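Just below is one structure, and these are the notes that go with it.
The values are calculated or read from the model by the stated rules, or taken from the named source; none is laboratory data. Given the structure is predicted, the values throughout are model-derived calculations rather than measurements. All Cβ positions, glycine included, derive from the backbone under ideal geometry; neighbour counts span all protein chains shown.
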Amino acid sequence: MKNSQPVILVTGSDLAPQALELLADYEIVYAGKQPTEDDLCRLCAQHDPLAIIVRYGKINARIMDAAPHLRVISKHGSGIDVIDQDAAAKRQISVQSAPGSNASAVAEHAWAMILASAKSLVPLESRMRQGYWDKSTHKSRELEGKTLGLIGLGAIGSRVAQIGKAFEMKVIAYDPFAKNFPEGCQSASLEVLLQTADVISLHCPLTDQTHQMINRETLALCKKGTILVNTARGGLIDDEALVQALDEGTLSWAALDSFAVEPLTAPHRWQHIENVILSPHIGGVSDVSYIKMGVAAASNVLKVLATPLKHQAAIS
């Protein structure tokens, strides 16, 4: 099918108006809220897009091959683990991300989950609706003086660290790639972090090295009653080990915004575990970050498409 304008495929159902303004010279084709691999292959074969903006789903070699003139895959956000980067490199397709564009949103969501866990907000709210008044029996956990352990110290982790200091917590972080640590945040080995943190928050990318880094062996190092928060990637955690740690009391709470397989479909195991707080991978999506991520993704597309093919490798 021939188009009057070159096509950009969006693996979602919308983009911020500010992003669409930047892409006014292109036809925008939306793949829908939950596009499958077959959906994306069909749309690529039909429209032959020059670019794909990735909001949902994964982009693999089969999808790339269905779009023979594809030049850039631009993530609507920072996590590019959903893109087969090796396949893209072999096909000289640039992979772009928008680091930092949703840092405030994710950091705030992580703290919402930390506080909800420490203060038992979900069960208390539920019991009040059932007619209970637990003031005489309930004691929440105070965070002042406790240790916050961050695994990953990029734009998001650094913001979480700053908020932790405002709560007068001791803040430590494990990140072998971090060049700078925020004031008041100390570097720690993973082993020391797991052994000493009262709250552990994950903010690292999903790679071969970090896949299921939270497992039976690492959870066994944790203090009894630790709170674990994951607003990064579900694949960082071994779910079987997490269930066991929650059941045994190694973890008092887990708060999860991302999962190894998304979306979750009912029934799923987390529905029946009371000390787990769930949200549908929306930590990075706010009124402001939606615009920031869209504009960054669109700008990255335009940057690559404005570059002659022979120079594209230099900006990938």
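At-a-glance table
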read-out	value
Residue count, region 231-256 (criterion: in a strand (DSSP E or B) and not hydroxyl-bearing (Ser, Thr, Tyr))	6
Failed item in (1) within 22 Å of Leu302 (Cα to Cα); (2) without any contact (Cβ under 8 Å) to a residue 24 or more places away in the chain, with Asp39 passing the rest	(1)
Enumerated strands (runs of 3 or more DSSP E) restricted to region 52-155, each holding at least 1 residues that are among the basic types (Lys, Arg)	72-75
Scan of region 270-280 for residues that are touching a strand residue (DSSP E or B) at 6+ places or on another chain (Cβ under 9 Å) and surrounded by 12 or more Cβ atoms within 10 Å (Cβ to Cβ), ordered by number	Trp270, Ile273, Asn275, Val276, Ile277, Leu278, Ser279
Extreme residue, modelled with the highest pLDDT, among residues of region 300-311 that are surrounded by fewer than 17 Cβ atoms within 10 Å (Cβ to Cβ) and in a helix (DSSP H, G or I)	Lys303
Residue that is farthest from Pro263 (Cα to Cα), among those in region 14-34 that are touching a helix residue (DSSP H, G or I) at 6+ places or on another chain (Cβ under 8 Å) and assigned to a loop (DSSP other than H, G, I, E, B)	Leu23
Flag if Val29 is in contact with a strand residue (DSSP E or B) (Cβ under 9 Å, 6 or more places away or on another chain), surrounded by fewer than 18 Cβ atoms within 10 Å (Cβ to Cβ) and at pLDDT 95 or above	yes
Enumeration of residues in region 245-299 that are hydroxyl-bearing (Ser, Thr, Tyr) and either closer than 16 Å to Asn230 by Cα or modelled with pLDDT under 95 (or both)	Ser252, Ser258, Thr265, Ser279
Every residue from region 9-19 that is buried (at least 17 other Cβ atoms within 10 Å of the Cβ) and not polar (S, T, N, Q)	Leu9, Val10, Gly12, Leu15, Ala16, Ala19
Single condition Glu262 does not satisfy, out of (1) of a type in the set (D, E, K, R); (2) in the same structural domain as Ser140 (by TED's automatic domain parsing); (3) touching a residue at least 60 places away in the same chain (Cβ under 8 Å)	(3)
The listed residue being touching a Leu at 6+ places or on another chain (Cβ under 9 Å), part of a helix (DSSP H, G or I) and not hydroxyl-bearing (Ser, Thr, Tyr), out of Leu206, Leu194	Leu194
Of the criteria (1) of a type outside the set (Val, Ile, Thr); (2) surrounded by 15 or more Cβ atoms within 10 Å (Cβ to Cβ); (3) in contact with an Asp or Glu (Cβ under 8 Å, 6 or more places away or on another chain); (4) farther than 28 Å from Ser258 by Cα, which one Pro49 fails	(3)
Residues that are surrounded by fewer than 19 Cβ atoms within 10 Å (Cβ to Cβ) and either over 14 Å from the mean Cα position of the chain (by Cα) or aromatic (Phe, Trp, Tyr) (or both), drawn from region 85-113	Gln85, Asp86, Ala87, Ala89, Lys90, Arg91, Gln92, Ala112
Members of region 220-249 that are over 20 Å from Ser140 (Cβ atoms) and in contact with a Gly (Cβ under 8 Å, 6 or more places away or on another chain)	Thr231, Ala232, Arg233
